[in-house]
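What follows is a short report on a single structure.
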Amino acid sequence: MTSPLLSPLHDRHVAAGAKFADFGGWSMPIEYTGGGVLAEHTAVREGVGLFDVSHLGTATVRGSGAADFVNSCLTNDLGRIGPGQAQYTLCCVADGPQAGGVVDDLIVYLHGPDDVLLVPNAANAADVLARLSAAAPAGVTVTDRHTEVAVLALQGPRSAEVLAAVGLPGSLSYMSFAETPGSGGDEVTVCRTGYTGEHGYELLVAADRAGLLWDALLAAGAPEQIRPCGLGARDTLRTEMGYPLHGHELSLDITPNQARSGWAVGWGKEAFWGRDALLAEKAAGPARQLWGLQAPGRGIPRPGMAVLSADGTQVGEVTSGTFSPTLRTGIALALLDTAAGLTEGDEVAVDVRGRPQPVVVRKPPFVESHVR
């Protein structure tokens, strides 16, 4: 059995009492002693939290026309943004029986027409890069930098103050990035984005400099009661926002149309992988669509649970479910059959070990977004 990869911050997580789990082949912190998921979640919603997300992939696509090449493969339209901006997009299956299914969702950093940085998910990074490498024209090179670059996420309403305290730029518009000057790995790329629904930033830094940046942010954030946060809180935060997680709300069998991610598709583009299949599905209407579920009682829906109509007929399946620390109740994301005609406010049930648990259909987010 292959040993999991370790973040360049692993020793710091161990010293902080982190509990670990495997994420895409990486051993990453789930939560820390001194409060756990609930306290970490609350820190991000009310103050500031710091995440290590170095399991996320990083890769460069460079060469003449690199941006145009990426744009011809991935769903969103890079023509909508300019250099110094980032964009959420999807890598879909180009053709065959799973055409339009999602290989991965990722962030594209546009440096210029010949220079693009990609940040895919850990488990799918190799697949995305293999597909791009196979399709790349002469002169365009796809380079995996997964272990060279660390990614930190500073999230919460006090995150800008912490960035300012360490001398990093925080006055950025949403989905814009800036690179600090430096040499020998001192450069930090700061992007105004995140996965929590709060004002926040993702910071890309050379792996061998990540520890210094992590320490500096925690020290500068002490007056703001900053907390190191694990991926357990990251999951509760993103579920409250209705953000998809690949393998749950997006997959080779779940299309952007079904996942309500059509906003990340450049429908007017002449080419992107899966275009014909996705256009046909959009025109016909997807057979199922992503909705939120909220439990009025104490039950917590969990992934894989069947969603039942009033007469007990299965009308969908839970894809993600958790206890919402903000709402103090169970919430879930679920793919529901379009033919069932369900809409916001309808009551259905989830099958909890053979017993129906009432839930109410909601359109996410479950809590107010502050990302912008």
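Tell me, what is the Rg over Rh of the stretch 214-372, with Rh the Kirkwood radius over Cα pairs? Write out the running numbers ahead of the final one.
On the way: Rg = 18.0 Å, Rh = 17.2 Å.
Using Cα coordinates only, the ratio equals 1.05.
Under the classification rounded if a/c is under 1.5, otherwise prolate if a/b is larger than b/c and oblate if not, where does the stretch 1-132 fall, given a ≥ b ≥ c as square roots of the Cα gyration tensor eigenvalues?
The shape class here is prolate.
For V149, enumerate residues with amide H under 5 Å from its amide H, sequence gap 5+ or separate chain, H modeled in the peptide plane.
A207
To check my understanding: the extent here is largest minus smallest coordinate of the Cα atoms along each principal axis. What are those three numbers for the stretch 235-323, in Å, largest first?
Rounded to whole Å, the extents work out to 49, 32, 19 Å.
Would you please state which residues of the stretch 227-263 a label at A39 would reach in this model, taking the label point 7 Å out along Cα→Cβ and a backbone N cut-off of under 11 Å?
227-228
Once you sort the root eigenvalues of the Cα gyration tensor of the stretch 276-366 as a ≥ b ≥ c, which label holds: rounded (a/c under 1.5), prolate (a/b larger than b/c) or oblate (the other case)?
prolate
Output ³J(HN,Hα) for the stretch 247-258: one whole-Hz value per residue in order, computed from phi by the Karplus curve 6.51 cos²θ - 1.76 cosθ + 1.60 with θ = phi - 60°, and x for Gly and Pro.
x, 10, 9, 9, 6, 4, 9, 10, 8, x, 4, 5
Stretched out fully, how many nm does the piece from A135 to R302 gain, at 0.36 nm a residue minus the Cα gap? All intermediate terms of the calculation are to be shown ahead of the outcome.
Working: separation 167, 0.36 × 167 = 60.12 nm, distance 3.86 nm.
Taking 0.36 nm per residue and subtracting the Cα distance, the gain is 56.3 nm.
List the GluC sites (Glu not before Pro) within the stretch 286-372 that DSSP assigns to loop and that have no more than 13 neighbouring Cβ atoms inside 10 Å.
Within the stretch 286-372, the qualifying GluC sites (Glu not before Pro) (loop, at most 13 other Cβ atoms within 10 Å) are E344, E368.
Once R0 is set to 25 Å, what does the formula 1/(1 + (r/R0)^6) return for the Cβ-Cβ distance between E187 and K363, expressed as a FRET efficiency to the nearest 0.05? Please report the intermediate quantities before stating the final value.
Values: r = 41 Å, r/R0 = 1.63.
Working from the Cβ atoms, E equals 0.05.
Taking the full set of protein chains and a 1.4 angstrom probe, give the accessible area of E202 in square angstrom, rounded to the nearest 10.
Counting only protein heavy atoms, the figure is 20 Å².
To the nearest 0.05, what FRET efficiency results for T338 and R372 with a Förster distance of 45 Å applied to their C-beta separation?
Numbers: r = 30 Å, r/R0 = 0.68.
Efficiency, rounded to the nearest 0.05: 0.90.
Taking a cut-off of 15 Å between Cα atoms, list the aspartates and glutamates near K269, but don't count ones fewer than 8 places away on the same chain.
D68, D77
Helix-only mean residue ellipticity at 222 nm, the chain, DSSP H runs n ≥ 4 weighted -39,500 (n - 2.57), per residue, nearest 500. What is it?
-6000 deg cm²/dmol
With every protein chain left in place, what is the accessible area per residue of the chain in square angstrom, probe 1.4 Å?
About 41 Å² of surface per residue is accessible.
Given the C-alpha centroids of the stretch 78-115 and the stretch 298-318, what is the distance between them in whole angstrom?
One Cα centre to the other: 33 Å.
Suppose accessible area is computed on protein heavy atoms with a 1.4 Å probe; arrange V360, V103 from highest to lowest.
V360, V103
Residue by residue through the stretch 197-203, which ³J(HN,Hα) values in whole Hz follow from phi under the Karplus form 6.51 cos²θ - 1.76 cosθ + 1.60 (θ = phi - 60°), with glycine and proline marked x?
3J(HN,Hα) across the stretch 197-203, in whole Hz: x, 10, 4, x, 9, 10, 10.
Would you check the accessible area of W214, probe 1.4 Å, heavy atoms only, in square angstrom rounded to 10?
About 10 Å², rounded to the nearest 10.
Quote the FRET efficiency, to the nearest 0.05, computed for A287 versus S173 with a Förster distance R0 of 25 Å and r equal to the Cβ-Cβ distance.
Given R0 = 25 Å and the Cβ-Cβ separation, E is 0.10.
Please say if the stretch 180-230 is rounded, prolate or oblate, where rounded means a/c under 1.5 for a ≥ b ≥ c the square roots of the C-alpha gyration tensor eigenvalues, and otherwise the choice is prolate for a/b larger than b/c and oblate otherwise?
Values: a/c = 2.10, a/b = 1.35, b/c = 1.55.
Verdict is oblate for the stretch 180-230.
Out of G49, G36, G354, any idea which swings most in a Gaussian network model of the chain, alpha carbons joined below 10 Å?
G354
What residues qualify as long-range amide H neighbours of S324, i.e. H under 5 Å apart, gap of 5 or more or another chain, H built at 1.01 Å from N?
T329, G330, I331
Cut-off 10 angstrom, C-alpha nodes, Gaussian network model of the chain. Which of A138, A164, A271 fluctuates the most?
It is A138.
Which residue fluctuates most in the GNM of the chain (Cα springs below 10 Å): L250, L327, L203?
Taking springs between Cα atoms under 10 Å, the residue moving most is L327.
Straight-line reach from K363: which lysines have a Cα under 21 Å away, not including same-chain ones fewer than 8 places off?
K282
Would you mind checking the stretch 34-50 for residues with the amide N under 17 Å from a putative spin-label position 7 Å along Cα→C-beta of K19?
Residues 34-42 fall inside that zone.
Let me understand the stretch 127-286 better: what is its radius of gyration from the alpha carbons, and its Dmax, in angstrom?
18.9, 54
Summarise the accessible area of the stretch 294-364 (1.4 Å probe, protein heavy atoms) by the percent that is carbon and sulfur.
Using a 1.4 Å probe with all protein chains present, the stretch 294-364 comes out at 47 percent carbon and sulfur.
From the phi angles alone, apply the Karplus equation (6.51, -1.76, 1.60; θ = phi - 60°) to the stretch 17-29 and give each ³J(HN,Hα) in whole Hz, x where the residue is Gly or Pro.
x, 6, 9, 10, 8, 7, 10, x, x, 10, 8, 10, x
Give the carbon-plus-sulfur fraction of the accessible surface of the stretch 194-290 in %, rounded to a whole number; probe 1.4 Å, heavy atoms of protein chains only.
Carbon-and-sulfur percentage of accessible area, whole number: 54.
Could you pull out every residue, at least 5 positions away or on a different chain, whose amide H is within less than 5 Å of the one on D346? Hs are placed 1.01 Å off N in the peptide plane, and Pro or chain starts have none.
Amide H to amide H, under 5 Å and 5 or more residues apart or across chains, D346 pairs with V361.
The values are calculated or read from the model by the stated rules, or taken from the named source; none is laboratory data. This one's a predicted model, so the numbers in the text were calculated from it and none came from an experiment. All Cβ positions, glycine included, derive from the backbone under ideal geometry; neighbour counts span all protein chains shown. Just the protein is used for accessible areas: all its heavy atoms, side chains included, with ligands, DNA and RNA removed. Shrake-Rupley method; radii C 1.70, N 1.55, O 1.52, S 1.80 Å.
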